[in-house]
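The values are calculated or read from the model by the stated rules, or taken from the named source; none is laboratory data. What you see is a predicted model, and the numbers here were worked out from it, not measured in a lab. When we count neighbours, we look across all protein chains shown, and the Cβ atoms used for this are built from the backbone with ideal geometry, even at glycine. Only protein heavy atoms, including side chains, enter the accessible area calculation; ligands, DNA and RNA are left aside. Shrake-Rupley method; radii C 1.70, N 1.55, O 1.52, S 1.80 Å.
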Amino acid sequence: MSGPFLFEFSVNKEKNTIYIIREFDAPLEMVWDAWTIPEYLDQWFGPKPYQAKTLFMDFREGGYWHYALISEEYDHQWGKTDYHRIVKREYFTASDSFLDENQILIPEYPVSNWKIEFKETENRTVIHVTTTYKTLEDLEKMIEWGYMDGFTSVMKNLDELFTTLKK
């Protein structure tokens with residue numbers, strides 16, 4: 001598939017939720033690995049001009065991923081993804097938070113609660129991303145801060161990674 005890729009984005013303000021469906025020209029195992037292996041995450045997770053760098057990762061239920069988004073222009077931003085439920089190559093749930101340089105949660109930044117589902121069809125993979133926030137205010141803050149643009153950017157990075165991995 002050369003594109004355009006399926007990419008749907010919708011918001012449900014009653015449920016404080018963002019829904020995304022995104023298709024990739026890559027097999028399920030490759031897409032799953034890109035979301036769950038630090039060496040791959042570091043190559044695509046940060047929206048440009050950021051580069052992701054894994055500081056620690058333990059991908060298991062109860063584990064977490066501690067990472068930095070690094071940019072010469074904007075310095076460092078730190079994040080932590082706590083993994084809750086994992087069904088290998090089907091889905092995982094997690095909560096993603098912004099931290100300060102001392103690994104302390106920044107309270108004015110909303111926590112994103114994710115469910116990321118993976119489905120393969122004809123050597124392509126579709127992910128369904130459900131991101132839920134505690135309040136409507138948190139949801140609106142994330143939209144205002146450019147959630148859609150950031151997600152679109154990292155999906156392009158992910159497409160580039162799959163092109164590289166297939167060579």
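Numbers at a glance
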item: Test: residue in region 2-25 that is among the polar types (S, T, N, Q), assigned to a helix (DSSP H, G or I) and under 27 Å from I106 (Cβ atoms); result: no
item: Selection count, region 99-116, where residues are assigned to a strand (DSSP E or B), open to solvent by less than 50 Å² (accessible area, probe 1.4 Å) and free of Cβ contacts under 8 Å to residues at least 40 places away in the same chain; result: 3
item: Unique match (being at pLDDT 95 or above and more than 22 Å from S97 (Cβ to Cβ)) among R60, R22; result: R22
item: Residue check for L161: in contact with a helix residue (DSSP H, G or I) (Cβ under 8 Å, 6 or more places away or on another chain), surrounded by 13 or more Cβ atoms within 10 Å (Cβ to Cβ), at pLDDT below 95 and part of a helix (DSSP H, G or I); result: no
item: Candidates E61, E73, filtered to the one that is open to solvent by 40 Å² or more (accessible area, probe 1.4 Å), assigned to a loop (DSSP other than H, G, I, E, B) and touching a Pro at 6+ places or on another chain (Cβ under 8 Å); result: E73
item: Tally, over region 12-52, of residues that are open to solvent by 60 Å² or more (accessible area, probe 1.4 Å) and not basic (K, R); result: 8
item: Residues that are at pLDDT 95 or above, closer than 22 Å to K15 by Cβ and open to solvent by less than 40 Å² (accessible area, probe 1.4 Å), drawn from region 119-154; result: V126, I127, V129, T130, T131, Y133, D138, L139, M142
item: Failed condition for V87, given (1) out of contact with any Phe, Trp or Tyr (no Cβ under 8 Å at 6 or more places or on another chain); (2) open to solvent by 80 Å² or more (accessible area, probe 1.4 Å); result: (2)
